Amino acid sequence: MEIVVIPCLYDNYSYLVVHGKKAAVVDPSEAWPVMKVVDDRGLKLSAVLCTHHHHDHIGGLPDLLDEYGTLEVYGFFQDRKRIPLMTRPLRDNERFSVCGLDVDVFHTPGHTSTHVVFHIEGHLFVGDTLFGGGCGRLFEGTAEQMVHSLDRILSCGKQSRIYFGHEYTELNLRFASQVDPSNPAISERAARVGEMRRKDMPSAPSLLEEELATNPFLRIEDSSIIDQLEKEQRLQSTDRVAVFAALREQRNHFS
Ligand code: ZN
Ligand code: FE
């Protein structure tokens, strides 16, 4: 299996999962960059996996269906109305097969109430739930739901590769260094990512281990992050959900 990172729109990533000559695309923001890879390589596109209904993740669907005819379109069953082209509604924890590969789906509410993550052989397609150095905004879910969703991602193991929906890593790491200033892993990663971005290389995928070391939203039990938040009087309690909520709130106003 191979995964091709396909930059789309301004800062989105779609991902092409390739197995032999078969392919499936995750979150096609727009069609033509996906079609270019599929056609240049002579692949057969058979499936679309949708993490959530936002237009920057499904905008390419109509044109892909026009171009390739029938495609199976997978998404969470509660997104059926919001992803009208869906053909295969999925339940939490369902296992299915695309391109001869097993896919597991997890419901990860937070960014939207119906967001899902796809797990294929140690590769996690996390949409807008987790980002390099950050996490998605809470548009429809609560902090508690998002913490639970991130815990489910963590349960997949440190060696999992994280394929996130947007290239926000540099800004996220600037925020991380502000809330976790004594963590040397953040500046090391920021230097590495800065170098890659100057060469126009994507910072995706990352390793979950790397996120655990640098992403404040996965470090909500870290005493120096908690101390920092307490110093700024942003915490009502030090439980994980309260720490997460305070960090998320602070990140909403960071630019
Ligand atoms: Zn989104
Ligand atoms: Fe998005």
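The values are calculated or read from the model by the stated rules, or taken from the named source; none is laboratory data. Just so it is clear, the model here is predicted, and its values are computed rather than measured. Neighbour counts run over all protein chains shown; Cβ positions are idealised from the backbone, glycine included. For the accessible areas, the whole protein counts, side chains as well, though only heavy atoms, and no ligand, DNA or RNA atoms are used. Shrake-Rupley method; radii C 1.70, N 1.55, O 1.52, S 1.80 Å.
Look through PRO28, PRO62 and report the one residue that is out of contact with any Lys or Arg (no Cβ under 8 Å at 6 or more places or on another chain), in the same structural domain as GLU140 (by TED's automatic domain parsing) and within 18 Å of THR114 (Cα to Cα). Quick ask: steps written out before the conclusion?
Working: PRO62 fails: within 18 Å of THR114 (Cα to Cα).
Result of the check over PRO28, PRO62: PRO28.
For region 69-87, residues that are surrounded by fewer than 16 Cβ atoms within 10 Å (Cβ to Cβ) and of a type outside the set (Asp, Glu) total 8.
Per-residue answers, yes or no, for (1) modelled with pLDDT of 95 or more; (2) in a helix (DSSP H, G or I); (3) away from ligand 1 (no atom under 16 Å from the Cβ):
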position: GLY42; (1), (2), (3): yes, no, yes
position: LEU45; (1), (2), (3): yes, no, yes
position: THR51; (1), (2), (3): yes, no, no
position: HIS57; (1), (2), (3): yes, yes, no
position: LEU64; (1), (2), (3): yes, yes, yes
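Scanning region 235-250 for residues that are open to solvent by 80 Å² or more (accessible area, probe 1.4 Å) and more than 27 Å from the chain's Cα centre (by Cα) turns up just one, GLN236. When every residue of region 69-78 is checked against the conditions, none turns out to be within 16 Å of ligand 2 (Cβ to nearest atom), under 15 Å from GLY165 (Cβ atoms) and not in a strand (DSSP E or B). Scanning region 141-168 for residues that are part of a loop (DSSP other than H, G, I, E, B), open to solvent by 70 Å² or more (accessible area, probe 1.4 Å) and either within 13 Å of ligand 2 (Cβ to nearest atom) or touching a strand residue (DSSP E or B) at 6+ places or on another chain (Cβ under 6 Å) (or both) yields a single hit, TYR168. Of all the criteria given as (1) under 18 Å from VAL48 (Cβ atoms); (2) away from ligand 1 (no atom under 16 Å from the Cβ); (3) open to solvent by less than 20 Å² (accessible area, probe 1.4 Å), the one not satisfied by VAL126 is (2).
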